[in-house]
Structure formats: C-alpha cells, structure tokens
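Visitor: Before anything else, here's the structure in question.
The values are calculated or read from the model by the stated rules, or taken from the named source; none is laboratory data. Please read these numbers as outputs of a predicted model, since none were measured by experiment. Positions of Cβ are backbone-derived with ideal geometry, glycine not excepted, and every protein chain shown enters the neighbour counts.
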Amino acid sequence: MDLTLKIWRQKGPEDKGGMVTYPISNISGHMSFLEMIDVLNEELINKGDEPVAFDHDCREGICGMCSMYINGEAHGPDRGVTTCQLHMRMFKDGDTIHIEPFRSDSFPVIKDLVVDRSSFERIQQAGGFISVNTSGNTQDANSIPIGKEDADNAMDAATCIGCGACVATCKNSSAMLFVGAKVAQYSLLPQGQVEAKDRVLNMVKQMDLEGFGNCTNTGACEVECPKGISLKNIAIMNTEYLKASI
Ligand code: SF4
Ligand code: FES
C-alpha cells in the first residue's frame, strides 16, 4: 500500500505543534501499525530528519504504552486491540491516516505522540493495591473460597492495562472507567475488603485532583477500550464510594 500519513509533531511540552504530512510506500497489510511507523522513522533517520517519538514497550497488548489517536479513534479503527496490535490490513491503498497523541489536560504532551500519563500512576498509588504481610505467614490464596461470578468479574476488571484510551476518547476526559476497573478488581475479592473504604475515597480524590472530568454515561470509553472493560465497573465504584462516604 501507498499511504499518506498526517502526524502530530511537537518538539516539546511548550511547543505549539502541528500536523506534518509524510508519504509512505510499500506498506504490507501484515505489518502492525507500529512497524509501519518504524519504517517511516528509518526513512526519516536516513534523511537526517528527526524520527517521530512514540511510546511502546511490549508490542503485544499488555503494557498499555502505545497511546495513539488514529483517524479520530483511540487505538484506531479495529475493536478490542491496542495500537501495537492494529494491523495495516485495516487500511487500504491510497488512504490518508491522521495520527495524534491521546489528548487530555491530564495527559500533557511530552513530545510528538508521547504523553505523560503519570496521573494514572498517582491514582494507582493512592489506593490501587492491597497490603499483605509477607513476613513468612502468608496464607495460600486458594484457602479463601471465592464465588465463580466474583472471581470472573474481578479478573475482567484486572485486565485494564492503564492505556488511557478511555480518557482520550471521553468528551469529559473522564478517567472513571480506569478508576472503576481498579476499584472493582479489589472490591469483588475478600482480600480487597480491609482497605476498601480508604481505597475508593483516596483514588477518587486523586482522580479529581488530577483534573479528570466526570462520567456522563456516553459510553465511548467502553467502545474504545482495548480490553473491553465494562461500564458496570463505574457503577461498582460509585456504589463503593457511597458505602465508604456514609
Ligand atoms: S479502562 Fe480500558 S481504555 Fe481505560 S485505561 Fe483501562 S484498558 Fe485502557
Ligand atoms: S506496546 Fe504494549 S500495549 Fe502496545
């Protein structure tokens, strides 16, 4: 395929930035989206130009780093995949592809397509954990029976990879799908009960401090989430928050 790429280039956090057009040729449908950007970057480096900065690590849909907004959709036109799992066969010869960073005031652009998502880490640090005494007296996890439905729902919530697509796609820049998943994965398990109240109060407080907006039930986050995190996790978080507040 021969394609036209329109990519957001921004030298640094203070730079105004803008879209830059790059033609690219001989792209195979079997390539991943990031491999296609690798080809472009190799061409740019060979010409002595600055390569496009983008985040990536695992390239297998696990780490949540590859935050790109492609043709107006977080992680591009496919469903249930991250940008690194998106294949070029989703595009056709002659297409123009617009590539931007995930946009939110709480995810400031560092350079080109790289954004700072440390706000998610601060929310996680505020309560997204359980404290377990590891002094040698730890119980075997299987010694506490957990109902199949709760175990399945907790596991589903735990598949959130913290990519930020939910925030990028939400008109309110809401992080409630992410925070809901992190709260729900513990609230459904006995191991998460000890710190349940502090967890939800502290995580929601930090979410608000970071400047994320509120959920207005549009549901765009659920559609664009590469891990299929359900809106019901927001309902679980709201219930936990209410219980902890009274
Ligand atoms: S809820 Fe989905 S879209 Fe949001 S951070 Fe988690 S995996 Fe990404
Ligand atoms: S690079 Fe790890 S999820 Fe895409």
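Visitor: Based on what the data block shows, is MET19 among the aliphatic types (A, V, I, L, M) and surrounded by fewer than 14 Cβ atoms within 10 Å (Cβ to Cβ)?
Guide: In short, yes.
For (1) surrounded by 14 or more Cβ atoms within 10 Å (Cβ to Cβ); (2) over 13 Å from the mean Cα position of the chain (by Cα); (3) assigned by TED's automatic domain parsing to the domain that holds PHE54; (4) within 16 Å of ligand 2 (Cβ to nearest atom), each residue gets a yes or a no:
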position	(1), (2), (3), (4)
SER135	no, yes, no, no
GLU149	no, yes, no, no
CYS163	yes, no, no, yes
GLY192	yes, yes, no, no
VAL200	yes, yes, no, no
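Visitor: Another question, then. Could you list, in sequence order, the residues of segment 209-231 that are surrounded by 14 or more Cβ atoms within 10 Å (Cβ to Cβ) and more than 16 Å from ligand 2 (Cβ to nearest atom)?
Guide: GLU210, PHE212, GLY213, CYS215, THR218, ALA220, CYS221, GLU222, VAL223, SER230, LEU231
Visitor: Continuing with the same structure: Mind listing just one residue for me: the one in segment 113-133 that is more than 16 Å from ligand 2 (Cβ to nearest atom) and touching a helix residue (DSSP H, G or I) at 6+ places or on another chain (Cβ under 7 Å) and, of those, farthest from PHE54 (Cα to Cα)?
Guide: Among them, the one singled out is ILE130.
Visitor: Here's a check for you: in segment 41-63, which residue that is among the acidic types (Asp, Glu) and either over 20 Å from the mean Cα position of the chain (by Cα) or surrounded by 16 or more Cβ atoms within 10 Å (Cβ to Cβ) (or both) is nearest to ligand 2 (Cβ to nearest atom)?
Guide: Initial filter on segment 41-63 (among the acidic types (Asp, Glu)): 42-43, 49-50, 55, 57, 60.
Among the residues that remain, those that are also either over 20 Å from the mean Cα position of the chain (by Cα) or surrounded by 16 or more Cβ atoms within 10 Å (Cβ to Cβ) (or both) are: 42-43, 49-50, 55.
On the way: GLU42: 18, GLU43: 21, ASP49: 24, GLU50: 21, ASP55: 7 Å.
It comes out as ASP55.
Visitor: Would you mind telling me which numbered condition in (1) at pLDDT below 95; (2) closer than 19 Å to ALA220 by Cβ GLY136 fails?
Guide: Evaluating GLY136 over (1) at pLDDT below 95; (2) closer than 19 Å to ALA220 by Cβ leaves (2) as the failure.
Visitor: For segment 38-78, enumerate the residues that are in contact (Cβ under 8 Å) with a residue 60 or more places away in the chain and either in a loop (DSSP other than H, G, I, E, B) or more than 20 Å from TRP8 (Cβ to Cβ) (or both).
Guide: Passing the criteria: VAL52, ALA53, PHE54, ASP55, GLY61, ILE62, CYS63, GLY64, MET65, CYS66, SER67, HIS75.
Visitor: On to the next question. Taking LYS182 as meeting all but one of (1) farther than 18 Å from PHE107 by Cα; (2) charged (D, E, K, R); (3) within 16 Å of ligand 2 (Cβ to nearest atom), write down the number of the exception.
Guide: (3)
Visitor: Suppose we keep only residues that are β-branched (Val, Ile, Thr) and not in a helix (DSSP H, G or I) within segment 154-212. Which one would you say is modelled with the lowest pLDDT?
Guide: VAL194
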